[in-house]
Amino acid sequence: QVQVVESGGGLVQAGGSLRLSCAASGSIFSINAMNWYRQVLGKQREWVAQITRGGTTDYADSVKGRFTISGDNAKNTVYLQMNSLNPEDTAVYYCNAAIRTGVVSTTRYYWGQGTQVTVSS
């Protein structure tokens with residue numbers, strides 16, 4: 001059993017900041033990468049950022065320079081620092097973890113339940 005839990009969402013004014021957290025727990029052998037996605041009601045889920053086990057990061061163009069993803073391998077936790085937020089960032093933010101549960105297991109992808117971020121103008 002693997003659980004992925006996001007936290008840290010909320011309501012913030014335009015120009016403000018929020019920090020999201022995502023913690024993976026359970027039968028984890030290794031985590032290859034963790035990603036943040038976001039979804040607006042009625043629209044497709046959009047990839048936001050990724051951090052690999054080795055610390056390599058990548059960002060969607062829409063958030064580059066404003067968002068920073070970081071991780072703590074010892075805690076199986078990833079963070080998303082979001083600065084200079086604007087109303088277009090309003091969405092439910094989801095964490096996705098690429099996890100192996102055993103030495104011979106394949107990588108599976110686990111989703112959290114999401115956390116709402118609302119940016120008011």
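Any idea which of Tyr37, Met82, Val5 is furthest toward the positive side of the dipole for the chain, if Lys and Arg beta-carbons carry +1 and Asp and Glu beta-carbons -1?
Looking along the dipole axis, the top candidate is Val5.
Of the residues Lys75, Lys43, Lys64, which exhibits the maximal mean-square fluctuation in a Gaussian network model of the chain defined by a 10 Å Cα contact cut-off?
Lys43
With θ set to phi - 60° and the Karplus curve 6.51 cos²θ - 1.76 cosθ + 1.60, what are the ³J(HN,Hα) couplings of the range 101-116 in order, to the nearest whole Hz, using x for Gly and Pro?
My calculation for the range 101-116 gives 9, x, 5, 10, 7, 7, 6, 10, 10, 10, 10, x, 8, x, 9, 7 Hz in order.
5 Å is the cut-off here: which amide hydrogens, built 1.01 Å from N in the peptide plane, fall below it relative to Phe67, excluding neighbours closer than 5 in sequence?
Asn83
Taking amide H positions as placed in the peptide plane 1.01 Å from N, state which residues far from Val48 in sequence (5 or more) or on other chains have amide H under 5 Å from it.
Result for Val48 returns Trp36, Tyr37, Arg38.
Choose one of Thr68, Thr106, Ser120: the residue whose Cα lies farthest towards the positive end of the charge dipole of the chain (beta-carbon charges +1 Lys, Arg; -1 Asp, Glu; about the Cα centre).
Going by the charge dipole, the pick is Thr106.
For the range 8-75, what does the relative contact order come out to in percent, with C-alpha contacts under 8 Å and a separation of six or more?
Taking the mean separation of contacting Cα pairs over the length of the range 8-75, I get 20 percent.
Applying the Karplus parametrisation 6.51 cos²θ - 1.76 cosθ + 1.60 with θ = phi - 60° to the phi angles of the range 55-71, what ³J(HN,Hα) value in whole Hz is obtained for each residue in order, glycine and proline being reported as x?
Couplings: x, 6, 10, 8, 9, 5, 4, 5, 10, 4, x, 10, 9, 10, 9, 9, x Hz.
Take every Cα pair under 8 Å in the chain that's 6+ residues apart, average their separations, divide by the length, and report that relative contact order as a whole percent.
36
Where the accessible area of the chain is counted over protein heavy atoms with a 1.4 Å probe, how much of it, in %, is carbon and sulfur?
Carbon and sulfur atoms account for 48 percent of the accessible area of the chain.
Magnitude of the Cβ-charge dipole of the chain, K/R +1 and D/E -1, about the Cα centre, nearest 20 debye?
That gives a dipole near 220 debye.
The values are calculated or read from the model by the stated rules, or taken from the named source; none is laboratory data. Remember, predicted model here, so these are calculated numbers, not experimental data. Every residue, glycine among them, receives a Cβ derived from its backbone with ideal geometry; neighbour counts consider all protein chains shown. Ligands, DNA and RNA are excluded from the accessible area calculation, which covers all protein heavy atoms including side chains. Shrake-Rupley method; radii C 1.70, N 1.55, O 1.52, S 1.80 Å.
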